Amino acid sequence: MMVDDVKPLELKRVTTIRELRELIVALDRRVPRVERVGEVEIARAAAGLRTEALRRIEELEGEMAVATS
């Protein structure tokens, strides 16, 4: 990888991490309304999405650590 390629890739990682954190905040703010049809499934899907976002953040932060070492 060329040095010129590192900065745009790092910027992309930082941007993605920020956006994933914003997603997590939005998911945490949402209050399930269990009286609504399908709400249980939506809440489960939101919890799964939150878990995947956290996993991806860890992955991207690990890639950044390797790239800067």
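The values are calculated or read from the model by the stated rules, or taken from the named source; none is laboratory data. Quick caveat: nothing in here was measured; it's all calculated off a predicted structure. Cβ placement follows ideal geometry from the backbone for every residue including glycine, while neighbour counts extend to all protein chains displayed. With ligands, DNA and RNA removed, areas are computed over all heavy atoms of the protein, side chains included. Shrake-Rupley method; radii C 1.70, N 1.55, O 1.52, S 1.80 Å.
For the range 4-41, residues that are part of a helix (DSSP H, G or I), over 30 Å from VAL66 (Cα atoms) and open to solvent by less than 80 Å² (accessible area, probe 1.4 Å) total 2. Restricting attention to the range 45-64, the residues being modelled with pLDDT of 95 or more and open to solvent by 40 Å² or more (accessible area, probe 1.4 Å) number 12.
One residue is enough: does the range 17-28 have a residue meeting the conditions modelled with pLDDT under 95, among the aliphatic types (A, V, I, L, M) and over 22 Å from GLY62 (Cβ atoms)? Checking the range 17-28: not a single residue is modelled with pLDDT under 95, among the aliphatic types (A, V, I, L, M) and over 22 Å from GLY62 (Cβ atoms). Of the residues examined, ALA67 is one that is in a helix (DSSP H, G or I), out of contact with any strand residue (DSSP E or B) (no Cβ under 7 Å at 6 or more places or on another chain) and in contact (Cβ under 8 Å) with a residue 60 or more places away in the chain.
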